[in-house]
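Read the structure below first, then the notes.
Here, each number is a calculation from the coordinates, and none is a lab measurement. Keep in mind that this is a model prediction, so the values were computed, not measured. Neighbour counts are summed over all protein chains in view; Cβ atoms, including those assigned to glycine, are modelled from backbone coordinates with ideal geometry.
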Amino acid sequence: MKIMVAIKRVVDYAVKIRVKSDRTGVETNNVKMSMNPFCEIALEEALRIKESGLASEVVAVSMGPAQCVDTLRTGLAMGADRGVHVEAAGQLYPLTVAKILKSLVEVEKPGLIILGKQAIDDDCNQTGQMVAGLLSWPQGTFASKVVLDKEKQLAMVEREVDGGLETLELDLPAVITTDLRLNQPRYATLPNIMKAKSKPIKKYTPQELNVDVKSDLEVIQVTEPPKRKAGVILSSVEELIDKLKNEARVI
Amino acid sequence: MQRLLGARSLCASFFTKKQKHSAAFSSTSLLFDDTQLQFKESVGQFARENIAPRAANIDQSNSFPQDVNLWKLMGNFNLHGITAPQEYGGLGLGYLYHCIAMEEISRASGSVGLSYGAHSNLCINQLVRHGSPAQKDKYLPKLISGEHVGALAMSEPNGNLPMLLLGLSTFLLGKLPDVFVFNAAGSDVVGMKCKADRVDGGYIINGNKMWCTNGPVAQTLVVYAKTDIKAGSKGITAFIIEKGMPGFSTAQKLDKLGMRGSDTCELVFENCFVPNENVLGQEGKGCVSFGLDLERLVLAAGPLGIMQACIDVVLPYVRQREQFGRPLGEFQFIQGKTADMYTALQSSRSYVYSVARDCDNGKVDPKDCAGVILCAAERATQVALQAIQCLGGNGYVNEYATGRLLRDAKLYEIGAGTSEIRRMIIGRKLLKQQ
């Protein structure tokens with residue numbers, strides 16, 4: 001069984017974000033970029049499944065500018081067998097990404113797709129669900145534990161939901177998105193970095209995959225959240241209710 | 001926008017505003033190709049997550065962490081045997097990669113960096129270069145995996161007994177006792193007094209060694225002793241000593257100014273029998289002058305890491321800390337200081353890695369090997385001093401890393417040949433060469 005893992009190149013989690021002065025987005029020039037942490041967890045899970053003998057190949061997919069190849073190289077250094085780079089300029093929103101993934105699925109025919117639950121730049125938490133919808137595949141999102149049953153072609157997924165832990169059984173092929181506690185991703189050690197140099201990365205354009213990247217969404221403005229104001233000590237419950245109603249207007 | 005703090009690890013919980021270094025700051029990327037950059041990133045991440053959070057504690061407690069075996073962790077990351085052949089578990093790569101690893105580990109903790117350098121280069125690389133196949137088979141695998149720790153001992157202590165005792169024993173014995181040495185070998189390596197007398201099947205070693213990094217914990221030590229006192233530098237032989245050999249013991253762990261936690265001690269040899277098969281290289285081919293060049297090269301990456309750590313602390317601080325209504329970083333004097341720190345680091349870095357590349361290509365020039373550590377070490381001390389100054393009063397407080405960085409940096413002007421010795425080496429060579 002082949003596993004496809006989608007990995008996204010995002011601003012490194014440790015970087016202090018600044019909004020561009022023209023308010024069209026976040027400053028990404030000369031800013032350190034890395035693999036989205038949830039995507040690392042997704043890739044790690046795929047590698048573990050392969051190492052346990054339940055999968056034959058792990059393919060890492062990334063979409064975006066030419067520098068995505070760096071992210072793919074990291075993925076290959078972690079242990080992925082092959083890389084796929086879909087080169088596209090400009091912002092790619094989840095629906096577009098999902099459509100591209102669907103096209104790639106028709107080419108690669110994986111038995112399982114694993115993605116991070118969300119990217120730390122846009123926090124959308126949509127791509128995995130949309131892919132499952134487009135493919136009509138079952139989905140197990142926010143996975144904190146994954147166990148595959150090869151004979152029965154099932155995936156048992158434990159999900160972290162608001163009420164606690166929910167366990168689902170999915171028929172393969174399926175889509176899984178990973179949550180924080182699923183695993184601890186491995187480092188890319190030097191021998192693997194060297195091996196990764198010879199692993200192939202296939203290039204596509206969205207046009208070749210018959211996907212139109214034009215989006216229905218348009219970002220109008222990006223601003224910093226308002227600075228946190230100091231708190232106020234109130235003298236009574238009545239005063240609290242009054243402020244909630246008339247100042248904060250939440251009741 | 002939610003920040004994903006510490007997605008992967010403990011680093012979030014250990015990141016205080018003081019330690020959180022700007023991951024966006026990158027090095028002189030022209031020095032490295034893609035793979036080397038990737039490796040630098042990877043080791044940097046490993047060191048940031050596993051070593052940096054423990055650095056302050058290592059310094060305060062003057063010992064390696066108890067809760068985790070850093071040697072094994074680094075071994076799992078293939079860091080020990082970078083220059084060792086693959087058949088023993090090494091990576092079969094060159095000094096450039098070794099320097100990269102040394103720099104990133106030093107950046108996280110100077111003490112761990114020094115111990116790592118002593119283990120992976122002073123011990124392991126000596127075995128790689130001069131060991132017989134049997135010796136390599138016996139010692140390398142465990143050293144490379146991190147199960148065993150390695151060390152190297154060359155320098156010796158001064159006699160620090162009161163003159164009275166010396167005089168008394170001289171009177172009683174009629175001569176100066178062999179074991180009470182003074183004016184013994186610090187910089188004057190060839191003047192070492194540690195003796196190895198040939199006996200049936202091996203040698204008997206008597207003497208002391210001082211300032212042995214990793215001495216207290218090492219299982220395998222490369223020790224230099226005089227087999228022929230009259231033959232000067234050609235009378236020195238290297239031996240492989242194992243912990244537990246009868247007659248070999250370690251004395252007090254030294255209480256050092258810096259590099260605290262990098263366990264250092266005195267070695268004591270009292271009629272220690274060493275079999276013939278433990279001679280490293282050949283008798284008299286003391287390896288005194290070779291090995292020291294590459295030792296200096298790899299260790300030179302230590303101060304590079306410390307300088308980088310200084311910048312990692314200073315930049316976020318001067319961006320944030322405000323006085324007179326503006327961030328410190330907007331004042332010219334501070335900009336001058338950060339510029340000096342940055343250029344000191346970049347120029348030292350260029351020198352170190354260029355020489356590393358030369359050495360990998362077989363061109364080992366002792367002048368440059370001495371030059372890189374002379375340069376990097378002295379700059380590192382100055383950079384650390386400026387780092388303290390940039391932090392002002394906070395730089396003087398031990399809660400911030402800058403004090404430790406200074407104390408750690410200073411060692412590199414002394415160990416692996418003092419700055420004075422390095423200058424002598426370079427000056428003499430320049431005089432002799434056409």
**Item:** Rough spin-label spacing in nm, given labels placed 7 Å along Cα→Cβ, for A:Thr205 and A:Thr28
**Value:** 2.0
**Message:** With unit charges on the beta carbons (Lys and Arg positive, Asp and Glu negative) and the dipole taken about the Cα centre of the range A:2-225, which residue among A:Ser21, A:Thr141, A:Ser34 sits farthest to the positive side?
**Reply:** A:Ser34
**Prompt:** Based on DSSP, what percent of beta bridges with both residues in chain A are antiparallel, to the nearest 5?
**Reply:** 40
**Message:** Report for chain B the percent antiparallel among DSSP-assigned beta bridges with both residues inside it, nearest 5.
**Reply:** 85
**Request:** Taking the Cα centre of the range A:1-132 as origin, work out the dipole magnitude from +1 charges on Lys and Arg Cβ and -1 charges on Asp and Glu Cβ, in debye rounded to 20.
**Result:** 140
**Fill in**
FRET efficiency for A:Asp216 and B:Arg423 from the Cβ-Cβ distance with R0 = 56 Å, rounded to 0.05, comes out at 0.20
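Apply 1/(1 + (r/R0)^6) to the Cβ-Cβ distance of B:Asp340 and B:Leu431, taking R0 = 35 Å, and write down the FRET efficiency to the nearest 0.05.
0.65
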**Prompt:** Highest GNM mean-square fluctuation, chain B, Cα pairs closer than 10 Å: which of B:Ala376, B:Ala134, B:Ala301?
**Reply:** B:Ala134
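So, counting K/R as plus one and D/E as minus one, what does the shell of residues with Cβ under 11 Å around B:Cys99 add up to? Kindly include the intermediate steps, with their values, before the conclusion.
Numbers: positive: B:Lys40, B:Arg349, B:Arg357; negative: B:Glu103, B:Glu104, B:Asp360.
Summing Lys/Arg as +1 and Asp/Glu as -1 gives 0.
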**Fill in**
By the Kirkwood definition, with r running over pairs of different Cα atoms, the range A:19-114 has a hydrodynamic radius in Å of 14.8
**Fill in**
With label points set 7 Å from each Cα along the Cα-to-Cβ direction at A:Glu57 and B:Arg321, the distance between them in nm comes to 5.6
**Item:** Lys, Arg +1 and Asp, Glu -1 on Cβ, resulting dipole of the protein assembly as shown about Cα centre, debye, nearest 20
**Value:** 1380
**Request:** Can you pull the one-decimal nm distance between simple spin-label points at A:Lys229 and A:Asn125, each 7 Å off the Cα toward Cβ?
**Result:** 2.8
**Request:** Go ahead and set up a Gaussian network model of chain B, Cα springs under 10 Å, then flag whichever of B:Asn125, B:Asn214, B:Asn57 fluctuates most.
**Result:** B:Asn57
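Could you pull out every whole DSSP H run in chain A that spans at least 27 Å of Cα extent along its own axis and averages -0.5 or higher on the Kyte-Doolittle scale?
none
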**Most mobile of B:Leu152, B:Leu257, B:Leu79 in a GNM of chain B (Cα contacts under 10 Å)** = B:Leu257
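In peptide B:39-46, how many Cβ atoms from other protein chains are near each Cβ within 10 Å, on average?
Working: counts 6, 0, 7, 9, 4, 0, 3, 3.
Average per residue, whole number: 4.
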**Request:** Assign one of three labels to the range A:2-225, namely rounded, prolate or oblate, based on the Cα gyration tensor with a ≥ b ≥ c the square roots of its eigenvalues; rounded applies when a/c is under 1.5, prolate when it is not and a/b is larger than b/c, and oblate otherwise.
**Result:** rounded
**Fill in**
For the protein assembly as shown, whose charge dipole is built from +1 on Lys and Arg Cβ atoms and -1 on Asp and Glu Cβ atoms, the candidate among B:Gln389, B:Gly75, B:Val318 with its Cα farthest towards the positive end is B:Gln389
**Request:** Please give the net charge around A:Lys8, taking every other residue with its beta carbon less than 14 angstrom from that of A:Lys8, where Lys and Arg add +1 and Asp and Glu add -1.
**Result:** -4
**Request:** Name the residues whose placed amide hydrogens come within less than 5 Å of the amide hydrogen of A:Lys202, ignoring near sequence neighbours (fewer than 5 apart) on the same chain.
**Result:** A:Gly83, A:Val84, A:His85
**Request:** Using only the alpha carbons of the range A:1-48, determine the length spanned along each of the three principal axes and report them from longest to shortest in whole angstroms.
**Result:** 48, 19, 14
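Within chain B, what's the longest stretch lacking GluC sites (Glu not before Pro) that sit in DSSP loops with no more than 14 other Cβ atoms inside 10 Å?
B:148-398
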